[in-house]
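The values are calculated or read from the model by the stated rules, or taken from the named source; none is laboratory data. Because the structure is predicted, anything quoted here is derived from the model rather than measured. Cβ coordinates were reconstructed from backbone atoms using ideal geometry, including for glycine residues, and neighbour counts include every protein chain displayed.
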């Protein structure tokens, strides 16, 4: 005798994974690995910015439009019951609070993943990006932007996972998968 489960019982619950980290921290590479392993939607501020503004000027008006569009996409994906990874610097708590509210309103699991690497590794990554950009890397951030943004980082007020991106992603993928089950 077999027990039948409703189709919804097999479907993963909606979840929002918020990536946090300065440029060069490795958060985007980790976000891509997580999205691939978890079958999650990946929403990246850099990709949305290039869609909305092919020649971005990085003004506050552009940032407002980019984050507004990202939030709308996150909301729609969560409403559809999907897992979503939001890849942006997300260094300011006021910006993260909007994401917390989105997850709470959509009754989605919230995970915050803060990516970091030693400063010399970040500098080398950003210099390499400027010399020979990878085709999938949409970020324009360089060392000067890193120096400016890292000063803007607020403490994360919610429980979060801190990841050293200088090491392999296997353990963090397993940890995040366990947190979502």
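Test residue 141 against the stated conditions and say whether it is surrounded by 13 or more Cβ atoms within 10 Å (Cβ to Cβ), under 17 Å from the mean Cα position of the chain (by Cα) and within 23 Å of residue 52 (Cα to Cα). Criteria met by residue 141.
A count restricted to the stretch 89-119 and to residues that are under 17 Å from residue 158 (Cα atoms), part of a loop (DSSP other than H, G, I, E, B) and in contact with a helix residue (DSSP H, G or I) (Cβ under 7 Å, 6 or more places away or on another chain) stands at 4.
Among the listed residues 35, 13, 31, identify the single one that is more than 21 Å from residue 153 (Cβ to Cβ), in contact with a strand residue (DSSP E or B) (Cβ under 7 Å, 6 or more places away or on another chain) and modelled with pLDDT of 95 or more. From the options 35, 13, 31, the qualifying one is 35. Within the stretch 124-137, residues that are in contact (Cβ under 8 Å) with a residue 60 or more places away in the chain have Cβ atoms under 6 Å from residues that are in a loop (DSSP other than H, G, I, E, B) in these pairs: 125/24; 126/24; 126/142, counting only partners at least 6 apart in sequence or on another chain. Within the stretch 148-181, the residues that satisfy the criterion of being without any contact (Cβ under 8 Å) to a residue 40 or more places away in the chain and either closer than 20 Å to residue 96 by Cα or surrounded by 13 or more Cβ atoms within 10 Å (Cβ to Cβ) (or both) are 148, 151, 175.
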